[in-house]
Amino acid sequence: DKDLFYAGTITPTIVGGDKLVNGYTAADGTVVPAGSYSNSGGGTGSLVTQSDCCSLHFVDGAQLMLANNGGAVANGDSATFSFEVPQLGYYDLGANLTKAHDYATYNLTLNANSAAGTPAATLISGYDAYNSSVTTQYRDFGVPQDSTGKPIALPKGVYSVTLSVTGQDASSAGFQAGIDYLRISGTAPTCPITD
């Protein structure tokens with residue numbers, strides 16, 4: 001076992017997979033909406049929660065999953081889910097991402113929030129979620145940046161992230177994807193968490 005230590009200026013918020021799928025009410029009473037699935041690639045999959053499985057325990061007992069679930073996730077399909085930023089500031093974002101033998105390659109994008117005046121920002125591009133066995137990998141995305149590389153201060157409010165399937169590893173058997181949790185931690189704009 002190894003211990004994980006995270007730094008930040010406020011207590012981090014961990015949003016588990018079932019909250020990302022089903023929505024939740026934040027500590028301050030803000031209602032965060034449920035996630036949604038888009039079959040823009042022509043797939044017939046769905047956005048679901050998957051309970052602990054395959055010797056993994058997800059942070060709140062279930063992960064967010066783009067799943068075949070009686071259909072099939074296709075290249076180009078996407079899902080959008082939301083989280084709350086509790087107060088104005090710079091935030092280091094990260095996620096515990098699930099990898100499996102039938103998982104896709106995808107992008108994660110912090111969507112523009114016109115009400116807060118914040119632009120869209122790429123969190124991760126071309127992430128290969130293929131692995132021969134089911135596992136998770138924590139990825140730190142750092143502080144979101146605008147197109148010029150300037151850190152973006154996020155006003156209090158609800159923000160959404162879109163997971164867009166872009167392809168698959170040559171060894172992958174499908175286009176599914178999973179996220180155990182998102183981590184949102186207040187930080188200085190130029191102080192990334194590197195490990």
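The values are calculated or read from the model by the stated rules, or taken from the named source; none is laboratory data. Remember, predicted model here, so these are calculated numbers, not experimental data. So basically every Cβ, Gly included, is an ideal-geometry build from the backbone, and we count neighbours across all protein chains shown. Accessible surface is based on the protein model in full, side chains and every heavy atom, while ligands, DNA and RNA are left aside. Shrake-Rupley method; radii C 1.70, N 1.55, O 1.52, S 1.80 Å.
Of the residues making up the stretch 99-120, those that are more than 20 Å from Ala72 (Cβ to Cβ) and more than 13 Å from the chain's Cα centre (by Cα) are Ala112, Asn113, Ser114, Ala115, Ala116, Gly117, Thr118, Pro119, Ala120. Looking across the stretch 110-128, the residues that are in contact (Cβ under 8 Å) with a residue 24 or more places away in the chain and among the polar types (S, T, N, Q) come down to Asn111, Asn113, Thr118. Among the residues here, Thr136 does not qualify as among the β-branched types (Val, Ile, Thr), touching a residue at least 60 places away in the same chain (Cβ under 8 Å), in contact with an Asp or Glu (Cβ under 6 Å, 6 or more places away or on another chain) and over 26 Å from Tyr37 (Cα atoms). Residues of the stretch 98-113 that are touching a Pro at 6+ places or on another chain (Cβ under 9 Å) and either modelled with pLDDT under 95 or open to solvent by 20 Å² or more (accessible area, probe 1.4 Å) (or both): Ala112, Asn113. Against the definition (farther than 16 Å from Gly157 by Cα and open to solvent by 20 Å² or more (accessible area, probe 1.4 Å)), how does Val59 come out, yes or no? So Val59 passes the test. Residues of the stretch 75-91 that are open to solvent by 20 Å² or more (accessible area, probe 1.4 Å) and either basic (Lys, Arg) or closer than 18 Å to Thr162 by Cβ (or both): Asn75, Gly76, Thr80.
Name the residue, out of Asn69, Asn131, that is in contact with a His (Cβ under 9 Å, 6 or more places away or on another chain) and free of Cβ contacts under 8 Å to residues at least 40 places away in the same chain.
After applying the criteria, what remains is Asn131.
With respect to the conditions (1) closer than 20 Å to Val134 by Cβ; (2) in contact with a strand residue (DSSP E or B) (Cβ under 7 Å, 6 or more places away or on another chain), Ser36 lacks only one, and its number is (1).
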